[in-house]
Amino acid sequence: MGTIVITGSAGGIGQATRERLSRDGHEVIGVDIRDAEVIADLSTPEGRTEMIGAVAAASGGRIDGLVAGAGIAGPDPKQVVSVNYFGAVATLEGLRPLLVQGTDASAVAVSSNSSTTLVALPEALVEACLNDDEAHARELADADPGTVYATSKLALARWVRRTAIGADWIGSGVRLNAVAPGLIDTPLVADSIDMIMSLGDVYPIPIGRPGRAAEVANLLAFLLSPDASLFCGSAVFMDGGSDAALNADAWPAANTTADHWPMQQ
Ligand code: NAD
């Protein structure tokens, strides 16, 4: 049993994850702008720094798991990229030293299947995020508000895949992965769930229903557990088939980073 930090702990997925992990015997330290052990605004550099100090104090300087789950879909596109990407990355990087002190430590970022189911996401915004240029990312977000949510989640998944394999993470014994849920019935989408369910071929949901927060919590609990000890740098989609329906042949795809593999010479 360990100590696990959840950001966005007061939200639909956060609450369900807290319940599941508490049931499993873990101590949970919730982080949110409301109703949490640590109240912090992850949209600002000051809020992120305060959060890291408060979690270090609350945990005694050691945690075993982390879910970077705080996220928003609107209304201000600048806030969306600041919370969903820069807040999440600052949380993961800022709490990494506490994870290094933990046992079988594991962190999970909550991305979204909007990262692959929407079209024409602006690569410039992805690059601004991955270049850690928050001011530029906020400008780009303002200029193209319609795609910001999905683009922030694409950048987050890409950051996880690039970063998880490095010395700071798996080289220090800490597993880092992402989950990419599809439509999940939570307050985040309460106003748009009927509209999304009626999109048909534009956004098919083969399973025929929205997901439940508890289903995401189950996947998060698994990825945090020693049962997931070989997971490193994965972006795990769980969306009732939407990504498969739209992108069946896009992934897995062959390696494009080398001309050939030695055995293929
Ligand atoms: P939610 O709105 O119920 O929960 C989000 C939580 O994040 C809230 O408790 C909110 O107070 C907190 N939060 C927002 N801004 C914050 C800030 N500046 N600082 C700290 N906390 C902040 O939504 P949810 O559906 O539970 O979403 C959880 C995560 O799952 C989000 O990252 C969301 O993007 C992602 N997600 C949700 C869906 C879905 O369909 N619901 C699908 C894919 C991914």
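Every read-out reported here was derived from the displayed coordinates using simple, explicitly stated rules and does not represent laboratory data. The model shown is predicted, which means the values in this text are computed figures rather than measured ones. Glycine gets a Cβ as well: all are built from the backbone with ideal geometry, and neighbour counts include every protein chain shown.
Mind checking the alpha-carbon convex hull of the stretch 18-170 and giving the volume per residue in Å³? Show your work: numbers first, answer last.
Working: hull volume 17.6 nm³, N = 153.
Value for the stretch 18-170: 115 Å³ per residue.
The stretch 197-265: percent of C-alpha pairs farther apart than 19 Å?
Working: 1318 of 2346 pairs.
The calculated P(r) of the stretch 197-265 puts 56 percent of pairs beyond 19 Å.
Restricting to Cα pairs below 8 Å that are 6+ residues apart, what does the relative contact order work out to for the stretch 166-265? Please round to a whole percent.
39
Using 7 Å Cα-to-Cβ label points, what is the residue 132/residue 50 separation (nm, one decimal)?
For residue 132 paired with residue 50, the spin-label model returns 2.4 nm.
Over the chain, consider all pairs of different Cα atoms and compute the Kirkwood hydrodynamic radius from their mean reciprocal separation; express it in Å, one decimal.
In the chain this quantity evaluates to 18.7 Å.
For the chain, what is the calculated [θ] at 222 nm in deg cm²/dmol (nearest 500), taking -39500 (n - 2.57) for each run of four or more DSSP H residues and dividing by its residue count? Before the final figure, lay out each step's value.
Numbers: 11 runs with 106 residues, N = 265.
When only DSSP H runs of four or more count, the value is -11500 deg cm²/dmol.
Out of all Cα-Cα pairs in the stretch 124-179, roughly what percent, to the nearest whole number, are more than 19 Å apart? Could the numbers behind the result be given before it?
Details: 542 of 1540 pairs.
It works out to 35 percent of all Cα pairs.
Let's see if you can work this out: charge +1 on each Lys and Arg Cβ, -1 on each Asp and Glu Cβ, no other charges. What is the dipole magnitude of the stretch 188-265 about its Cα centre, in debye to the nearest 20?
Numbers: 2 positive and 9 negative charges, 36 e Å.
The dipole of the stretch 188-265 has a size of about 180 debye.
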